[in-house]
């Protein structure tokens, strides 16, 4: 990321003779382009107390992805401090930090250089302070391990002794600072334990769900089981008589349910119950009797979606997404032609920590404690729905116990804010597990009707995909679309993607690696089908395919390199495996990351599956900031993928979500987890993120291994639909 000349630093002396150093980068918006949401704007602060304590402030929300380590590590590297002595604090939402958000695996790419520059500027100012104190040239001084040294005399001063003087000095230009070469890194590239890990393993209350305030009441919120349903009547008076209940009331909402929910509707109609404890509120809720006007969404069902998708697949597609060459003619001349229909279901985020939020409304001001991924977006929505100026809303960021994209939307923040405004006391809203699963922003399901052809030499000559999804007209439901650049776009001379949509009265949103998490399964499985039809080794077939065109959005050389690496590490084609055991391979580019996986899978006669091992190889640029965190991200992505693979699906009957808890939307158990071997291929490319790109190849790699072991091709997820289970 390039830093504009309008960037500036801010430095002040703090009480006690310390130093506070921050940097702010203004978003650059071209006057020739229409207004767009601002990009991630990296901000970091350094606080040095008089006693030498260095505190680094992490601005982005921490949801388990390790950002609370990574950003401070980048600063600490150039600041020349001992990482073990650094303290890290979570920032609250404040304009001085710029845009604060977590999502899209963008933290590394947007922060790597700017955060280093922050540390470098801090170091230079401390060196200048020491040189001024001693009356010597700055060139004779250097910083190391929290001290500044004078080379000729070996004198030294600690950062705490220099902080007040440094705070009074001019701030160097960010673009003028010289950064360390990678060969001199002492922190970047070295394993560090998460700064919150000691508190996590000792059970300290650090998550949003743990947060409390003096005099706090507890709330639950009952919404219609059909999205968009409205309250007709409720036994409010009876509920108010329940033990511990302080209040119960209906919250109305003007939201309208249409054929596609284009944005976060915020507040849904429902009944709030406020009590002394959450258990009392939840117990009273069981006595709640609500008559609902369920609205038009009650007509929806999973079976109806599937039937309509089949109908649309037989009709002329509604739109053309991409069209290269002459697919029809190429299919006529192909040596072999394959037809295949693939589908995948809606999925819930299902984080271990259900949605929760705490708020207090007093004297026209609202204060919120939230585990949101997008605090500014949440504040804006709360302000809009409640009619409160944004400047009167304060957001404190809390650590999330998982999110996977769920925290990108802010319905629970709006709910607790509306309740807090009504009752006038601190209130904590905690959703039940059933709330969390039945009122999610789901990963959309989808249907792909594919046709592909290979020539006599085994090369793909034609690819046709009629993608049936959800939306209206030219608008897809959130994350329900398809990109014209999805692989193998640009690698097949005759290539077409067509699309048709059907209405959906349900909330959808981003789940870890949105669109890629489902479409990689389809595309990499169908490529595997074509490889077998061509009589070629599936891995070699992919390498030959990658040797084709050079699309602008895709670097085939980087992908070939990770495919070759995963072949080497897994011993592809060099090992004899037992009967019923096979390897499957897949790759995918998403969120700036290139990943290839090989899965070794065993299947017994009862269709019980054991994933023995997964080799994951990725290229996310020149540096891995924290190898421990990076490996954990890849391992977590693979575990998530396996969870999605076997049992997870959200289905609708009469507009109602059928699955309500983990027994129906299962997570992978420890005993089912495979050995995972992670390798990173460092390349001469800017560092990019890891939260998402390691997930998509996992699903097709396992499915392709199942085919190699059994001869059965998996075209529908979850695997349980085909009679499979975990061994």
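Run down 250, 232 and say which single residue is outside any loop (DSSP other than H, G, I, E, B), assigned by TED's automatic domain parsing to the domain that holds residue 377, over 30 Å from residue 467 (Cα atoms) and without any contact (Cβ under 8 Å) to a residue 24 or more places away in the chain. Break it down into steps so the answer makes sense when it comes.
Values: 232 fails: without any contact (Cβ under 8 Å) to a residue 24 or more places away in the chain.
Exactly one residue qualifies, and that residue is 250.
For the range 514-522, does any single residue satisfy the condition of being part of a loop (DSSP other than H, G, I, E, B) and within 23 Å of residue 587 (Cα to Cα)? Checked the range 514-522: at least one residue is part of a loop (DSSP other than H, G, I, E, B) and within 23 Å of residue 587 (Cα to Cα).
Every listed requirement among (1) at pLDDT 95 or above; (2) within 20 Å of residue 400 (Cα to Cα) is met by residue 104 save one, (1).
Exactly one residue out of 268, 303 is part of a loop (DSSP other than H, G, I, E, B), more than 24 Å from residue 103 (Cα to Cα) and under 32 Å from the mean Cα position of the chain (by Cα), and it is 268. Report, by residue number, each residue of the range 368-392 that is under 11 Å from residue 421 (Cβ atoms) and either assigned to a helix (DSSP H, G or I) or out of contact with any helix residue (DSSP H, G or I) (no Cβ under 9 Å at 6 or more places or on another chain) (or both). Scanning the range 368-392 gives 382, 385, 386, 387.
The values are calculated or read from the model by the stated rules, or taken from the named source; none is laboratory data. Just so you know, these numbers come straight off a predicted model, no measurement behind them. Because the Cβ atoms are built from the backbone with ideal geometry, glycine has one as well, and the counts that use them run over all protein chains shown.
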